[in-house]
Amino acid sequence: MKDFWNKFTTRFAVPVLIVTQVITLYDGWESRVNQRADRELLIHCINSHLHYVGELHEVIDADGNKIIFDDTEFDGTVDREHLEQIGCHQFAIGYKIMDTFTTQSTMDRWLGKVFYTYKNNKDRFVVIIVAIVLLGVRLNNNDTVKTLRYKTWDYFQTIHSRQDVSDLITIVDIGEKDIAKYGQWPWPRHIMAMLHAKLGDAGAVIINYNILFAEPDRMGSTQYLNSFPMSDETRELLQKNLVDTDKVFAMVLKESGNTILMMSVKNNADNVLPSTTQIIKKGDVEPWLWNYAGIVPPLTELTVGVAGSGVNVTAPEPDSVVRKMPILITVGNKIYPSMLIENVRVINKSSRIKVVAKEHGIDEILVKKNAGIPVNHNAEMYINYADPKKYNHVSADYVLSSEFDANTVKGKIVVVGLDAAGLSVLKYTPFGLTTDQEITAQALDTLLTGKYLTRLPQADTYEILFMGLLGLLMIIVIPRTSVLLSVPLLIFVLGGISYASFLAYTNKGFLIDPSFAVLYIFLIWSHSTYNNFATQSRLRKQIKKQFEHYLDPGMVKKLQKNPSLLKLGGETKTMTFMFSDIRGFTPISEKYKGNPEGLTRLINRFLTSMTDIIIKNGGTIDKFMGDCIMAFWNAPLDNDKHREMAV
């Protein structure tokens, strides 16, 4: 677990945190960059004699004060003196530059559009950057991404395990009770010969040993006698009267002719490599296979009459869960088959194995024209696990006893292995810890039922392209969708990805990774929704700030709820205007010559009352002019009764 978090921190969390920090810093200095950029753009335009025809309604000077140029048209060159006079460093809300440019350089026009687009879409640009970073993480395909993918497929197998079980496999376990009865492990080879003879006589089709017989029997005649101090003459005399148990076991294996022994791998290289089944290669095969330094074969004396020998290794995984088994491996410059492909070869009565490699990796492994094992580009077969409880387990003691029923193994493939504490090596699977022979049985049954799990060599490329297109679509759609509607959209998209992947697994055995796509879309949705929410919140606050003193609160809420009611481009409509002032204000004001504060209170009392009445009747206050108030109806919101409301 510690190693997992170390890898997660260094390969995933740290880059994301760095990107997040960069985005945070970006938001902090982005406005200052825009100010400098706009100033530099204006100076650049002046130096290039950029002429434009347009309207500059509002400019903010260097101190943040607004300079208004209502209805002022500029036609000509903006000179440096004018720029310095107004201290302009940022275009403000109401500016508009027409597309009618006459300039010496197209770059001037391009720079203006880039800066304008950048300033008005900064939130979307940040989301795009995050999306690109996430796609890069997926493309890197580190151990964290792989583990997330594999755990998703494990979950698929646990909730919908393989239902078809062939009933053609029997597992013989050598457990603690068997060892208690027949002695410590390893057993003398004559006991193994007895076990094998009973299985063969009962009609077992193939007998697989998930046990490595790499050394001579320590209880055999030679090994046993060498363990005692005695003279050579005595040892030779006793050896003539003792049975060589390895020869007995080899003879029984040869008589049955249906045995597949196990080979293992090691880290040390060997000068001489053992012989193996003939491998016919087509294409550049070796670079795609798992490579090991050395191999540990069974005792040569035992391999003379067996049907085959194969390696029994599992594909390395980041979380050590067994999901795949290599069908072919390389040791030095030699290719060795697995026990699985040896079973297929023996069943099909073939004497050789053919492997075909193409540009994307291993394409197929065959023992006959239409008989083989579907593999991925590294010659690995995915194990389609069934419920372990569905397999038939018997003990070695039961096989050796008089109660043994031959129908238990008749016409079946038998897998013999250790299941005693301290002897068996338990391995992780989607269904938890299990023995080596259980995994071999699951793999063999996957072949027998034909319920393969497959993944296209180009699957990673297709998934990344799909994620990129779907993410781009979300980036475009979410800003145009309300926050409330974006939640059902997210559920629909994530549910669709997950359900489609699960259906592909259950119906066709296709392994499609929905995990990172779900995470990718969720992060994009979260970021885009937050930006959408923040933008809408700012817009509502801006509308309230602009209109709360001029419109009825109910009308302000309508504008906040539906800002599209504000038609900023202008429109033609029938409106009602009202001008109201204080009758005889001039003589009244003369009476307050010595009391201007009193006159102010009088005007405020009048204007406050009129403001309340106008707003109450749905009017919009346009301006105050001394003692006069100007208001209008039927804008910015439509009001069918604007005439009646005004009077």
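Whether any residue in segment 348-365 is out of contact with any helix residue (DSSP H, G or I) (no Cβ under 9 Å at 6 or more places or on another chain), β-branched (Val, Ile, Thr), within 16 Å of ASN210 (Cα to Cα) and modelled with pLDDT of 90 or more is what I want to check.
No: zero hits.
Does THR608 satisfy the criteria of being without any contact (Cβ under 8 Å) to a residue 60 or more places away in the chain, β-branched (Val, Ile, Thr) and within 30 Å of LYS573 (Cα to Cα)?
It is true that THR608 is without any contact (Cβ under 8 Å) to a residue 60 or more places away in the chain, β-branched (Val, Ile, Thr) and within 30 Å of LYS573 (Cα to Cα).
Name the single residue, out of those in segment 436-463 being open to solvent by 30 Å² or more (accessible area, probe 1.4 Å) and β-branched (Val, Ile, Thr), that is farthest from LEU168 (Cα to Cα).
This residue is THR461.
Is it the case that LEU418 is over 31 Å from the mean Cα position of the chain (by Cα), more than 28 Å from THR147 (Cα to Cα) and buried (at least 18 other Cβ atoms within 10 Å of the Cβ)?
yes
For residues in segment 324-382 being of a type in the set (S, T, N, Q) and within 19 Å of ASP460 (Cα to Cα), which is farthest from the chain's Cα centre (by Cα)?
Restricting to residues being of a type in the set (S, T, N, Q) and within 19 Å of ASP460 (Cα to Cα), the top hit is ASN378.
Scan segment 624-647 residue by residue and report those that are open to solvent by 90 Å² or more (accessible area, probe 1.4 Å) and within 30 Å of PRO596 (Cα to Cα).
Within segment 624-647, PHE624 is the sole residue that qualifies.
For LEU426, which of the numbered conditions (1) in contact with a Ser or Thr (Cβ under 8 Å, 6 or more places away or on another chain); (2) of a type outside the set (Ser, Thr, Tyr); (3) farther than 22 Å from ALA180 by Cβ fails to hold?
(3)
Exactly one condition in (1) in contact (Cβ under 8 Å) with a residue 40 or more places away in the chain; (2) at negative phi is false for LEU490; which is it?
(1)
What residue, among those in segment 602-621 that are under 59 Å from the mean Cα position of the chain (by Cα) and surrounded by fewer than 16 Cβ atoms within 10 Å (Cβ to Cβ), is nearest to ASP581 (Cα to Cα)?
ASP612
Only residues that are under 12 Å from ILE295 (Cα atoms) and of a type in the set (A, V, I, L, M, F, W, C): list them for segment 319-346, please.
ILE329, VAL331, ILE335
Report those helices (runs of 4 or more DSSP H) wholly inside segment 182-267 carrying at least 1 residues which are out of contact with any strand residue (DSSP E or B) (no Cβ under 9 Å at 6 or more places or on another chain), open to solvent by 20 Å² or more (accessible area, probe 1.4 Å) and modelled with pLDDT under 85.
Answer list for segment 182-267: 221-226, 232-241.
How about segment 293-318: which of its residues are open to solvent by 40 Å² or more (accessible area, probe 1.4 Å) and over 18 Å from ILE341 (Cα atoms)?
ALA293, THR300, GLU301, VAL304, PRO316, PRO318
Which numbered condition trips up VAL313, out of (1) touching a Ser or Thr at 6+ places or on another chain (Cβ under 9 Å); (2) in a loop (DSSP other than H, G, I, E, B); (3) modelled with pLDDT under 90?
Only one criterion is unmet by VAL313, namely (3).
ILE171 passes all but one of (1) in a helix (DSSP H, G or I); (2) open to solvent by less than 20 Å² (accessible area, probe 1.4 Å); (3) in contact with a helix residue (DSSP H, G or I) (Cβ under 6 Å, 6 or more places away or on another chain); (4) of a type in the set (A, V, I, L, M, F, W, C); which number fails?
Looking at each condition in turn, ILE171 falls short on (1).
Pick out the one residue from ALA396, ALA379 that is in contact (Cβ under 8 Å) with a residue 60 or more places away in the chain, over 27 Å from ARG162 (Cβ atoms), open to solvent by less than 20 Å² (accessible area, probe 1.4 Å) and in contact with a Leu (Cβ under 9 Å, 6 or more places away or on another chain).
Result: ALA396 is the single residue among ALA396, ALA379 that is in contact (Cβ under 8 Å) with a residue 60 or more places away in the chain, over 27 Å from ARG162 (Cβ atoms), open to solvent by less than 20 Å² (accessible area, probe 1.4 Å) and in contact with a Leu (Cβ under 9 Å, 6 or more places away or on another chain).
Of all the residues that make up segment 481-520, how many are open to solvent by 70 Å² or more (accessible area, probe 1.4 Å) and outside any helix (DSSP H, G or I)?
Residues in segment 481-520 being open to solvent by 70 Å² or more (accessible area, probe 1.4 Å) and outside any helix (DSSP H, G or I): 1 in total.
Would you mind stating whether THR330 is of a type in the set (Ser, Thr, Tyr), in a loop (DSSP other than H, G, I, E, B) and open to solvent by less than 50 Å² (accessible area, probe 1.4 Å)?
no
Run SER275 past the list (1) among the hydroxyl-bearing types (Ser, Thr, Tyr); (2) at pLDDT below 90; (3) over 20 Å from VAL355 (Cα atoms) and report the number of the one that doesn't hold.
(3)
Any residue at all in segment 523-536 that is under 28 Å from GLN157 (Cα atoms) and either out of contact with any helix residue (DSSP H, G or I) (no Cβ under 9 Å at 6 or more places or on another chain) or open to solvent by 20 Å² or more (accessible area, probe 1.4 Å) (or both)?
yes
Condition first: closer than 30 Å to TYR182 by Cβ, in contact with a Ser or Thr (Cβ under 9 Å, 6 or more places away or on another chain) and of a type outside the set (Asp, Glu). Can you find one or more residues in segment 363-379 that meet it?
No, because not a single residue in segment 363-379 is closer than 30 Å to TYR182 by Cβ, in contact with a Ser or Thr (Cβ under 9 Å, 6 or more places away or on another chain) and of a type outside the set (Asp, Glu).
The values are calculated or read from the model by the stated rules, or taken from the named source; none is laboratory data. Everything quoted here is computed from the prediction, not taken from an experiment. With ideal geometry, Cβ positions are generated from the backbone for all residues, glycine too; neighbour counts draw on all protein chains shown. SASA here: full protein model, heavy atoms, side chains in, ligands and nucleic acids out. Shrake-Rupley method; radii C 1.70, N 1.55, O 1.52, S 1.80 Å.
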